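Colleague: Quick one: the structure is below, questions incoming.
Taken together, the values in this text are just the output of simple stated rules run on the coordinates, not laboratory data. Small disclaimer: the values here were computed from a predicted structure and weren't measured. Please note: Cβ atoms are built from the backbone with ideal geometry, for glycine as well, and neighbour counts cover all protein chains shown.
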Amino acid sequence: MLVEKMGIVFLSIAVSISISVAKDDPHHIASIPEASGISYCSDTKNLIVANDEGWFYKIKQDGKVISKEYLGDYDLEGVVCEDDKYIFAIEDRGLLIVDRETLKKKIVTIKPTYHHKKLSIFDKKSGIEGIAKIDNLYYISKQSKRKKDSFIIVVRSDKYHTKIVDVIKHKIVDTAGLEYYNGILYMVSDKKDLLIGYDINKREVIYRLKLERFAQEGITFDRDGYIYIADDKGAIYRYTIENFGINKINK
């Protein structure tokens, strides 16, 4: 097993563990250039991988590439697979909605205001990086190297409009990927090489896992007990939730 328990307790139930990541690792299941986001499609059991040069890849759970499609000159940084569409996060603009069958696409911009105040979502040094869906809301991470500028916006969206309905100031730098699993919002921090579990109701970190240094930018879970991490340097890794100790978390 690749998990090393360090005996460090974080808050009441979180632990710090080390995961070995290497190109010759058996958990390395696919090579996808500049993989910046990943999402599991529960209806087909396939995975959608976003690439920050405007491509997306459809792969099987074992990493076999089924197809790849070019959407245009977009910096795709995250993706959510829904029943009829893909929702991509574009780093410097907003959301790209793509019909799963026809690939017809539409950009929905995010108005960066909350309670009549402008948020620094899009700027020269940072932008949006991760996206997850919880119920009918999208949780979108603003990536920054500074804690005070790192936060998650909660967005209600339709085909044409978005509205920020909440802001989560989690104080975790460089949040590059998000996923909601078993009642917990998971996020990866590229700069800190961490996987964080966040309780959105209590608004606190309840789990953290230390990774070895690599460019983790996306995370997703399937329904068969596996967790997948997208590495911006060109790889997809797959582990069991037992590898990460996630099966031991009691929310």
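Colleague: Tell me, what HN-Hα J-couplings in whole Hz come from the Karplus equation 6.51 cos²θ - 1.76 cosθ + 1.60 at θ = phi - 60° for each residue of region 206-217, using x for Gly and Pro?
Modeller: Coupling constants for region 206-217: 10, 7, 8, 10, 8, 9, 5, 5, 6, 9, 6, 9 Hz.
Colleague: To continue, here is another question. How big is the dipole moment of the chain about its Cα centre under a simple scheme where the beta carbon of each Lys and Arg is +1, that of each Asp and Glu is -1, and everything else is neutral? Debye, nearest 20, please.
Modeller: Approximately 1000 debye in magnitude.
Colleague: Compute the distance in nm between two label points, each set 7 Å from the Cα along the Cα-to-Cβ direction, one at Ser120 and one at Lys104.
Modeller: 4.0 nm
Colleague: While we're here: Which whole-Hz couplings ³J(HN,Hα) result when phi for each residue of region 59-66 is put into the Karplus expression 6.51 cos²θ - 1.76 cosθ + 1.60, θ = phi - 60°, listed in order with x for Gly and Pro?
Modeller: 10, 7, 5, 8, x, 5, 6, 8
Colleague: Assuming 0.36 nm per residue, please report the length gained on full extension of the stretch Lys159 to Asn136 beyond their Cα-Cα distance.
Modeller: My answer for the length gained is 7.0 nm.
Colleague: Principal axis lengths of the chain from Cα atoms, whole Å, largest first?
Modeller: 48, 41, 31
Colleague: List the aspartates and glutamates whose Cα sits under 12 Å from the Cα of Lys133, skipping any in the same chain fewer than 8 residues away.
Modeller: Glu82, Glu179
Colleague: Moving on to the next point. Quote the Stokes-Einstein diffusion coefficient, in whole µm² s⁻¹, for region 89-235, based on the Kirkwood radius over alpha carbon pairs, a temperature of 20 °C and a viscosity of 1.002 mPa s.
Modeller: Translational diffusion coefficient: 136 µm²/s.
Colleague: Using modelled amide H (1.01 Å from N, peptide plane; none on Pro or chain starts), what sits under 5 Å from the amide H of Glu204, excluding residues fewer than 5 places away?
Modeller: HN-HN under 5 Å from Glu204: Asp199.
Colleague: Can I ask one more? Report, by chain and number, residues whose modeled amide H sits under 5 Å from the one on Tyr74, excluding near sequence neighbours (fewer than 5 apart, same chain).
Modeller: Amide H neighbours of Tyr74: Gly54.
Colleague: Mind checking which aspartates and glutamates have their Cα closer than 12 Å to the Cα of Lys148? Skip sequence neighbours fewer than 8 apart in that chain.
Modeller: Within the straight-line cut-off, Lys148 pairs with Asp174.
Colleague: In the structure displayed, which of Lys105/Lys147; Lys118/Lys210; Lys58/Lys106; Lys60/Lys202 lie more than 27 Å apart, Cα to Cα?
Modeller: Result: Lys105/Lys147; Lys118/Lys210; Lys60/Lys202 exceed 27 Å.
Colleague: Under 5 Å between amide hydrogens, which residues at least 5 positions from Ile32 or on another chain qualify, with H placed 1.01 Å from N in the peptide plane?
Modeller: Excluding prolines and chain starts, which carry no amide H, the hits are Ala235, Ile236.
Colleague: Less than 20 Å from a label point 7 Å out along the Cα-to-Cβ axis of Lys191: which backbone N atoms in region 164-182 qualify, by residue?
Modeller: 168-179
Colleague: Could you order the peptides 160-168, 81-89 from most to least packed, using the average number of other C-beta atoms within 10 Å per residue?
Modeller: 81-89, 160-168
Colleague: Any of Lys85/Lys117; Lys64/Lys163; Lys85/Lys191; Lys169/Lys191 with alpha carbons more than 27 Å apart? Name them for me.
Modeller: Lys85/Lys117; Lys64/Lys163; Lys85/Lys191
Colleague: Can you tally the net charge around Val154? Count Lys and Arg as +1, Asp and Glu as -1, for every other residue whose Cβ sits under 13 Å from the Cβ of Val154.
Modeller: +4
Colleague: Now for a separate question. Compute a Gaussian network model of the chain, connecting alpha carbons closer than 10 Å, and tell me which residue from Gly37, Gly225, Gly197 fluctuates the most.
Modeller: The residue with the greatest mean-square fluctuation here is Gly225.
Colleague: Given region 77-132, report the % of alpha carbon pairs whose separation exceeds 16 Å.
Modeller: For region 77-132, the fraction of Cα-Cα distances above 16 Å is 47 percent.
Colleague: Work out, step by step, the length gained on full extension between Ser31 and Lys145: first 0.36 nm times the residue separation, then minus their alpha carbon distance; give nm to one decimal.
Modeller: Contour length minus the Cα-Cα distance gives 38.3 nm.
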